[in-house]
Every structure is written in C-alpha cells, then in structure tokens.
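Remarks on the structure that follows.
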Amino acid sequence: MKRDVPTAAAAGLVAAALTAGAGGAGASTTAHAATCALPRGGERVELVPSQFTTRIDNPWWPMRPGSRWVYRETDPGGARQKVVVTVTPRTRLIANGITARVVHDAVTEAGSPVEITDDYYAQDRCGNIWYLGEDTKEYENGKVTSTSGSFEAGVDGAQGGVIVPAKPTPGLEYRQEYYRGEAEDRAQVISLIDQAEAPYGHFGRGRVLLTREWNPLEPTTLELKFYARGVGPVLAIAVSGGSDREELVSFRR
C-alpha cells in the first residue's frame with residue numbers, strides 16, 4: 001500500500017480541509033451557462049442546450065469515447081473493490097434538453113457487482129464539465145437492492161452541477177449535483193501545484209489538481225481528490241467519515 005497521502009504539502013492540506021468545514025450556502029441568484037458562472041448550492045440554473053457538447057476535452061478529465069480507468073478501492077477492514085469507469089459511445093437526451101455523454105461506472109468485489117451506474121456528462125462552451133444525472137443500482141447477492149442517488153437534471157427539481165471547472169483556481173467552490181435530499185455533493189479547489197502517486201504512476205508538481213469534496217447531507221464526510229492533467233481522477237482519500245482510498249491502477253485513452 002502506498003503512503004497515506006502523496007505529499008507532505010497535501011498532508012497539511014488535509015488538516016486545513018478538515019478545519020475549513022463544509023458550509024457555503026449557495027447564492028440565491030440564478031446562474032447562467034452563458035456567463036460560465038458556477039452554481040454553489042441549490043439555486044436554479046438556466047442552461048442553454050446549444051452551448052453544450054458531448055465532446056469533453058477539459059484537460060483535467062478528458063472523456064474520449066473508449067477511454068477506460070480502472071481503480072482499486074480499499075477500506076480500513078482491508079476489503080478491496082474494483083472500479084471500472086468507461087466512456088461509452090452512447091449519448092442521452094437529458095430532461096433539461098442537453099445531450100450528455102454516458103459514462104459507465106462498475107464497482108465489483110470478488111467479481112460480483114456492488115454498484116453499477118451510468119453517469120451523464122456534458123461540457124459547456126467555457127470548458128466546464130457538467131454532471132447532469134446518474135442511473136445507479138446497488139446490488140446484493142446479484143440482485144438490485146437500491147437505486148438511491150439516481151437523478152436527472154430537469155426531473156422533479158433536480159439540477160446539474162459542475163464536476164470539473166474549466167479554470168480551477170484555489171478557493172473556487174461549486175456544487176457537483178443537486179437533487180434535494182438525495183444528491184447534494186459540493187467541491188472546492190485546494191491546489192494546482194501538488195503531486196500524487198497511484199499504482200498507475202507518479203504525477204509531478206504542476207500536473208495535479210487537488211479538490212476537497214463533501215455532502216451537506218452527510219456533514220461528517222470529507223474527501224480529497226486528485227486529478228492529473230491529461231488523465232483524470234487518479235487518487236481519492238476519505239479524510240473524515242471513513243478512511244477509504246481509491247487509486248488508479250490502469251488507464252487507456
């Protein structure tokens with residue numbers, strides 16, 4: 001197993017993130033895609049479908065159809081799960097009128113399904129990657145036991161959010177999804193000068209975007225996530241509400 005955090009600088013950021021809290025109520029004004037404003041809380045966002053594309057080339061997480069990431073996720077008890085994320089050639093017309101790229105996310109343990117999800121992403125004209133919903137199923141003994149967390153922007157008040165901003169700067173805060181009471185993840189940019197290491201390889205200073213991510217519905221949880229330029233997410237570490245670790249094992253463009 002690799003060291004708990006990839007750099008000494010990141011270790012300090014863990015402490016800073018833990019003390020920073022998970023506040024930040026969203027502004028009451030409506031954000032508009034035309035201005036490239038990023039939503040922060042539960043405010044309604046007016047998105048213009050013509051300003052979105054399924055060609056996702058944000059350097060912090062380029063999603064070319066056929067790209068595939070394989071992760072190893074471990075928990076404190078030593079249990080290991082395999083996570084395979086694949087950009088499919090499929091698209092989906094979301095209820096809010098935007099056509100999104102379908103990204104398939106399969107979590108298995110000892111070959112058996114744990115959670116299978118289709119995520120929906122699109123990129124706006126400014127380069128922000130928007131997360132527009134997911135269709136998720138949790139499994140137990142081969143049978144679906146829950147679809148909790150599923151949502152689609154434009155259905156039952158659900159709103160899209162930004163998964164990776166076009167121009168991340170330290171301190172920038174944004175929501176990643178919003179479906180009241182079900183999906184309310186938020187994130188904040190911490191640094192663009194750190195480094196990270198995973199089984200797939202080492203990513204040096206200047207190649208790594210570090211964010212902290214939390215959910216107001218689970219106030220004790222906090223996760224640090226590392227994105228490598230040209231690759232995407234390479235490492236995620238739970239620093240509160242658990243101590244799970246997810247590391248990139250292989251990547252195919």
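The values are calculated or read from the model by the stated rules, or taken from the named source; none is laboratory data. If you're wondering where the values come from, they're calculated on a predicted model, not measured in any experiment. Methodologically, a virtual Cβ is constructed for each residue, glycine included, from the backbone with ideal geometry; neighbour enumeration extends over all protein chains shown. Each accessible area value is taken on the protein alone, full model and side chains, heavy atoms only, with ligands, DNA and RNA left out. Shrake-Rupley method; radii C 1.70, N 1.55, O 1.52, S 1.80 Å.
Here are a few things to note about the model shown:
- A search for C-beta distances below 6 Å between a residue of segment 80-104 that is at positive phi and any residue that is not in a loop (DSSP other than H, G, I, E, B), counting only pairs 6+ apart in sequence or on different chains, returns 97/49.
- Hits in segment 63-78 - residues which are at pLDDT below 95 and either open to solvent by less than 40 Å² (accessible area, probe 1.4 Å) or closer than 26 Å to residue 155 by Cα (or both): 74
- Within segment 116-146, if we keep just the residues that are small (Gly, Ala, Ser) and surrounded by 14 or more Cβ atoms within 10 Å (Cβ to Cβ), the residue that is farthest from the chain's Cα centre (by Cα) turns out to be 127.
- Just one of (1) in contact (Cβ under 8 Å) with a residue 60 or more places away in the chain; (2) over 17 Å from residue 183 (Cα atoms); (3) open to solvent by 10 Å² or more (accessible area, probe 1.4 Å) fails for residue 113. It is (1).
- Checking each residue in segment 152-172 for being crowded, with 17+ Cβ neighbours inside 10 Å and touching a strand residue (DSSP E or B) at 6+ places or on another chain (Cβ under 7 Å) picks out 152, 153, 158, 159, 160, 161, 162, 163, 164, 165, 168.
- Test result for residue 243, of a type outside the set (Phe, Trp, Tyr) and touching a Pro at 6+ places or on another chain (Cβ under 7 Å): yes
- If you check 207, 253, 212 for being open to solvent by 20 Å² or more (accessible area, probe 1.4 Å), out of contact with any His (no Cβ under 7 Å at 6 or more places or on another chain), of a type in the set (Lys, Arg) and in contact (Cβ under 8 Å) with a residue 24 or more places away in the chain, only one passes: 253.
- The set of residues from segment 89-115 being under 23 Å from residue 249 (Cβ atoms), in a strand (DSSP E or B), of a type outside the set (A, V, I, L, M) and over 17 Å from the mean Cα position of the chain (by Cα) comprises 108, 109, 112, 113.
- Of the residues making up segment 173-182, those that are crowded, with 19+ Cβ neighbours inside 10 Å and either over 13 Å from residue 131 (Cα atoms) or modelled with pLDDT under 95 (or both) number 3.
- Taking segment 35-62 as the range and being part of a strand (DSSP E or B), modelled with pLDDT under 95 and crowded, with 16+ Cβ neighbours inside 10 Å as the test, only 45 passes.
- Hey, residue 170 touching a Leu at 6+ places or on another chain (Cβ under 9 Å) and free of Cβ contacts under 8 Å to residues at least 24 places away in the same chain or not: yes
- Matching residues, segment 82-95, being open to solvent by less than 50 Å² (accessible area, probe 1.4 Å) and of a type outside the set (Ser, Thr, Tyr): 83, 84, 85, 87, 94
- Test: residue in segment 169-185 that is polar (S, T, N, Q) and more than 21 Å from residue 224 (Cα to Cα): no
- Yes/no for residue 149 being open to solvent by less than 10 Å² (accessible area, probe 1.4 Å) and on the phi > 0 side of the Ramachandran plot: no
- Residue match in segment 183-200 (condition: open to solvent by less than 50 Å² (accessible area, probe 1.4 Å), on the phi > 0 side of the Ramachandran plot and at pLDDT below 95): no
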